[in-house]
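As structure tokens, the structure follows; a few thoughts come after it.
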Amino acid sequence: MQAATSVLTHATQAVVKQVTTPLKPILKASSSVLGTRKTREDAELEDESMDGSQSPRKRQRVEFDLNNIEIHEIGVRSVDDVKQEIRKALDEHDRGEDEEYDVLKETLSGKQKFLYDDEDEDADPTLPEKRRQELKVYLVALSSFTPRLGRSASGLVKSVLQCQWIGRDEQFARIYTQFLASLVSAQGSCLTQVLSTIVEKFSHSRSSDWAVANFPPVPREVAQERLHFALRYLLRIFPAAKSVLTHLIGSKYPYHDDSKRMHLAYVHNLLRLRTYSPALQNDIMDLIVSRLVKIDVEMQMDLEDMDDRLTTMVAMALKSSQANANQEEEDSDDDDDRDSVSSEGSEDDEYTRVKTAKESIEKMDFILDALFELYTPLFSDPRSDQAMEVFGDLLSEFSNIILPNLKSRHTQFLIFHFGQLSEELVDAFCGTCINIAFESQRPPVLQQAASAYLASFVARGAHVPGHIVVKIFEVLGYHLDQMRILYEASCRGPDVRRYAPFYALMQALMYIFCFRWQDLIGSVPDDVDKDDLSTYLDQDIEWEAEIKDIMRRNIYSKLNPLKVCSPVIVEQFANLAHRFRFMYVYPLLESNKRVRLSQYSAGAYSSGGGLRDLSFDMNDESWQQLDSYFPFDPYQLPISKRWVEQDYLQWRPIPGLNSGEQDESDEDDLGEEDEELQEDTATDDELGEDD
């Protein structure tokens, strides 16, 4: 520790004198200073912004090589003078006399204002600047006393950590970083406190957050560079910092109702931290995804509670925000501030709800856009080992974070997009869903959710090959048969509580059939035009082996799935099956109208509830039916949707499917505003467009 402080002191004393010989950078590490071996990474960090080869006369960007700094004095006082002042203040503080100690705290906080004498300024016009720079001398001098900055001096340490160091000059930022390292070296208990003050700045995004009076404005890029230089430096020389930081990045994450600006800044800084701390990469991504899912779920719940008028207001607010997207960032910050003020003073609950929903959607949109951009280069070769490794991390986040949250609406599209880039990735995702869906130790709600994800992925994935669609259909059909055989022995009739996994799987197969029926066809008559869907109607189509038998065996079983599955999906399947001469189930649907589910219900609603609405009327049988839960229905976020627009199959209406009624030509006819915020899954509307 003495070696560390002496290096720092001698370097600064050299600055106080006129520069006549080359000086060593203050932050140049040595094994004697930090107790670590110098590695290639160390050398790279020293060389970063510290090249001393330039002429001292050239006014380049101020680097932390003292040869490049033109001023020959840091302040009006020497390091020894300041040391005496600090020693006196600490000694008196130990004796219970805090007058000098309190003055020292005020000075080191950087908040002290100097009163200049006009005569002194006339005699030396550089005096104000020297006094502003004098805080550097205090930091250098204080580094000699870090062994004394224990619990009794916690107030002084707190004052130093409150100093606004990012908004000053480059040299000050480097001196401050070195002081933090010296402090932690002498007082290991300060590590959490030091890292906490750095992580707290992750959510800062405006220049006013780090500005210091009488110093030139510091651009955001420079401020973030200084912040991460300090953090990277501390992570390198203190291995214990990684475990501490893992906890801090979670505890300091903005609350869900904090501004969009804070969330975006925090995520941006986390992603930057990820680039130089490989050990934290998985923790960082798990944190971002988990908080993203939380916003996603809360946003869905808020929108579901809104009527059509309020959702239209949200859509209009989003469009207005996008129209102003080209304004300067500072202008948009001011607008956000005005919104915050007006909302605080407003008694209009509707305004608050609309504003909250709009901000949640924008947070989701911008953060997901950043994640898509982050991952895309890693999948430049989707068959590479790197792509498979990264996708493995995504699958882990999907299984542990996304899948259990049944209200998630957009976060899962990360896996949907990247999972279609190669057949190997398709197989990896489908295999994960199958394993979860049919592992007996999994909770039924997760099994049903996995079935829904698998069906939605296969049905909606535009880049999922047809032969994989057939294979998945057969695999699901096999497991469906196994469930039917197991359940039929004790079955008295349809009961969603007892047989929820069976019904979820049956609904998944019908959903796949509705979207991918062309891939399930073995051959068609010669007069069928594959580009004209109407030519498939009323034809003798040959289907892939087992497809018909799988559906027939299970539809006409004692479990009676058409009575329990979502009526919207059942109706569309029945219509398609009839017109394609696949199966005629209308007589069964008619007889089901006379079946009351309550007579077969074994008890109160419980285990099958993961995919259904909890609010039900005992006189309404809909609570005993499955909801149309399919998580890859169309993606609606306005900015990030560019990544997935070509990834999913839209519902394609078939002209003439419902003979005698007017055809609907395009799902866009539903209206753009309603489509953008369609928070019931798009399945209900899309599957009903062939009228």
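The values are calculated or read from the model by the stated rules, or taken from the named source; none is laboratory data. Note that the structure is predicted; figures quoted are calculated from it, not measured. Cβ placement follows ideal geometry from the backbone for every residue including glycine, while neighbour counts extend to all protein chains displayed.
Details
- Scope region 423-450; condition in a helix (DSSP H, G or I) and acidic (Asp, Glu); matching residues: Glu423, Glu424, Asp427
- Filtered by the rule that a residue be at pLDDT 85 or above and not in a helix (DSSP H, G or I), region 271-305 gives a lone residue, Ser277.
- Restricting the search to helices (runs of 4 or more DSSP H) fully inside region 56-163 and requiring at least 3 residues that are in the same structural domain as Phe215 (by TED's automatic domain parsing) and modelled with pLDDT under 50 gives 118-123.
- Test: residue in region 549-558 that is over 41 Å from the mean Cα position of the chain (by Cα) and modelled with pLDDT under 90: no
- The listed residue being surrounded by 17 or more Cβ atoms within 10 Å (Cβ to Cβ) and modelled with pLDDT under 85, out of Ser342, Ser321: Ser321
- Looking across region 278-316, the residues that are small (Gly, Ala, Ser) and either under 12 Å from the mean Cα position of the chain (by Cα) or buried (at least 19 other Cβ atoms within 10 Å of the Cβ) (or both) come down to Ser290, Ala315.
- Cβ-Cβ under 6 Å pairs, at least 6 apart or on other chains, region 440-455 side in contact (Cβ under 8 Å) with a residue 12 or more places away in the chain, far side part of a helix (DSSP H, G or I) and surrounded by fewer than 17 Cβ atoms within 10 Å (Cβ to Cβ): Pro444/Ser607
- Hits in region 361-417 - residues which are crowded, with 18+ Cβ neighbours inside 10 Å and among the hydroxyl-bearing types (Ser, Thr, Tyr): Tyr375, Ser408, Thr411
- Options Ser185, Ser196, Ser207; residue that is farther than 29 Å from His247 by Cβ, polar (S, T, N, Q) and either surrounded by 16 or more Cβ atoms within 10 Å (Cβ to Cβ) or modelled with pLDDT under 90 (or both): Ser207
- Scanning region 623-662 for residues that are touching a Leu at 6+ places or on another chain (Cβ under 7 Å), at pLDDT 90 or above, closer than 21 Å to Lys407 by Cβ and not hydroxyl-bearing (Ser, Thr, Tyr) gives Leu637, Pro638.
- Test: Val297 is among the β-branched types (Val, Ile, Thr), in contact with a Ser or Thr (Cβ under 9 Å, 6 or more places away or on another chain) and outside the structural domain of Gln164 (by TED's automatic domain parsing): yes
- Only a single criterion out of (1) part of a helix (DSSP H, G or I); (2) surrounded by 21 or more Cβ atoms within 10 Å (Cβ to Cβ); (3) hydrophobic (A, V, I, L, M, F, W, C); (4) under 32 Å from the mean Cα position of the chain (by Cα) is not satisfied by Phe172, namely (4).
- Residue within region 268-283 that is under 23 Å from Glu389 (Cα atoms) and acidic (Asp, Glu) present: yes
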